[in-house]
Amino acid sequence: MLKSSTIILTLLATTLCKAQTDSVNHISERQLILKLAYNSSLIYPGISAGIEFPILHISTQVMENGKIVRNYTKSRLLSGKINWYHHPEFHDNVYLTTEWIMRRTGYKGFISEFSMGPGFSRTFLSGTTYAVDDNGNVTVIKLSGYSYALITIGCGFGYDYWCRKQLPYEIYARMNLISMFPYNSTVSFRPVFEAGIRYIPGLVKSRNRK
Amino acid sequence: MIRKLNITIRFVFFLWCILRCAACQKERITINSSASEAFYVANDGASMRVLVQGNTAGNTFILVIHGGPGISSYFYNTRYISQNLGDKYAMVYWDQRNAGASQGNANGRNLNLDQMVEDLTKVITVLKFRYGKDMSLFLLGHSFGGLIAADFITRPGNQEMVRGLINADGSHNYPLNDTLTRQMLLSFGKDQISKRRNVDDWETIVSYCNTHTGNFNLEESQQLEKYATEAEGLIDSVKKINIPSLLLKYSIADKYPLTAILSNLLYSEDSDFNKELASAQFSSALKTVTIPVLLLWGKYDFTCPPALGEDFYNHISSAEKRIVISPSSGHNIMLQDERLFCDEVNSFVLKYR
């Protein structure tokens, strides 16, 4: 048994969540999140852009002796992204991912998150590709490369500027591990570092209405 | 409005990516004294990376056939070789299928020796397509690459495609290789034990060799290879290869796809292909070889013992042949005795190009 009485007040709702405090209402109005990031695989640079749809918010206030001692929000989001990195002399990889994101935002705005999901990758070899037929004739293959199934898993942290400064932005950094298969009959893993910004247009509308 | 903008941004971004990729694949052929260009040769489910580096204006090319199966050609591209061979010749680093930066989908069924010889033939065809049919081309096979080279040059018509062969610690006969490795481990082991050097390690090796005497299966063959690598490390006068240091030195500058190299190596090491290799041998076919041949070996190469080089030397019909044993090298003469390696390759290529 817990000695102190812990009361969990809230709630769970969808994007139109029925929360009980002002702060929770602001969060509930978030509908669509746009994101843009630097996307680097090993040390090779690229870009990532996408959207996130909030599926679920759980806003929690932990109270002790009638005082709020902790306040945080857990979110569940569905993300769709297009990503690209350029590894010279190896390949350019353009890959689409859909991810299930589990995110926790503290009352000061600190964000931690974990995500995973499937994707599809199309690589483009970084160099002219030749084919030789049985008669020894050489031809150049246009846009040569391979398609792979892909699974991505990652975690990261960030900061939500809405909590303190009422700005509709979040910055974040995360490490992802992408695995592509069948890659030469096996699986190819690549760590990918992602750092970027999320913009929440729904929050601007909410602020303008006040 | 934002939705429309978002769609437009993504479309432009995607279009830019495609154009960017297409630009990378534009054919670029450089003829100068310091070329560096990578291209790919696609064949039966694999796109194999070929890096041409060095003096392409001299019209002399040395095609490196790396070891393995599954080791990458990246590890052969050292500064010393670039400065001492690449200044005069174009070094061609070919990543075999399922190795290094080579790419593909489910292509494991094509991993066999016949396919690799066909791949090599096509790589040579593309080289001649890019740089001219009159080029002077030399093959440089190391370790498992020696087996591919031996298979290639003993097939009808193939010797006409190259000016000469350099065999560096290469294996052309796997069953004989195992026998010679065992013999060398036994004789060195007994000698080292009598001199009270690394007694525990050598006793384990000698004991294994005493209980496994011949007709080696794949497991025994792989265990002998493992002991051969260990034995080389027990000889103080052999220069040790520091893999982490090599990776630190070259992986960023040479843009190694590290994780792909590792995946390919693990797959190739464990593939059924190795069963086929266990019985591969070209000693009897070598009598057809008449092109100039240079054999470079490490005195302390337990993996492919110097006696294997002698077997190669004795079987070929070439009038111009030379065997050189490095007194301070093990299985990787190009890394362990760089000076002797480059000097010998230089003299050989200059003479026969």
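Counting Cβ atoms of other protein chains within 10 Å of each residue's Cβ and taking the mean over peptide A:130-138 gives 6.
Nearest 20 debye, what's the magnitude of the dipole of segment B:177-234 about its Cα centre given +1 on Lys and Arg Cβ and -1 on Asp and Glu Cβ?
On the way: 6 positive and 10 negative charges, 60 e Å.
It works out to roughly 280 debye.
For segment B:270-353, the equivalent ellipsoid derived from the Cα gyration tensor has semi-axes of 23, 19, 12 Å, listed largest first.
How big is the gap, in Å, between the Cα center of segment B:119-182 and the Cα center of segment A:42-109? Spelled out, the Cα-based centre of one part sits 52 Å from the other.
Each residue in A:Met102, A:Met180 was given a count of other beta-carbon atoms within 10 angstrom of its own, and listing them fewest first yields A:Met102, A:Met180. Legend: P(r) of chain B from all alpha carbon pair distances, 20 Å bins from 0, whole percents, reading 29, 56, 13, 3, 0. Among the residues of A:116-126, the average count of other protein chain beta-carbon atoms within 10 Å of the residue beta-carbon is 3. With N counted as the residues of segment B:177-234, its alpha-carbon radius of gyration over 2.2 N^0.38 Å works out to 1.02.
Listed by chain and number, the lysines whose alpha-carbon sits under 20 Å from that of B:Lys240, ignoring those within fewer than 8 places in the same chain, are B:Lys226, B:Lys249, B:Lys299. Dimensions of the protein assembly as shown from C-alpha coordinates, computed as largest minus smallest value along each principal axis and given longest first, are 94, 58, 38 Å.
Cα convex hull, segment A:63-199: 117 Å³ per residue, rounded to a whole number. In terms of surrounding Cβ atoms within a 10 Å radius of their Cβ, A:Arg76, B:Arg196, A:Arg103, A:Arg70 rank from fewest to most as B:Arg196, A:Arg70, A:Arg76, A:Arg103.
Annotation: aspartates and glutamates with alpha-carbon distance below 14 angstrom to B:Lys190 (same-chain offsets under eight excluded): B:Asp200, B:Asp201, B:Glu203. Note on B:Cys209, B:Cys342, A:Cys155: ascending count of other Cβ atoms within 10 Å places them as A:Cys155, B:Cys342, B:Cys209, the fewest first. Taking each residue as 0.36 nm, the span from A:Ser147 to A:Lys74 lengthens on full extension beyond its C-alpha to C-alpha distance by 22.8 nm.
No lab work stands behind these numbers, since they all come straight from the coordinates. Keep in mind it's a predicted model, so treat the numbers as computed, not measured. For neighbour counting, all protein chains shown are included, and Cβ atoms are generated from backbone atoms with ideal geometry for every residue, glycine included.
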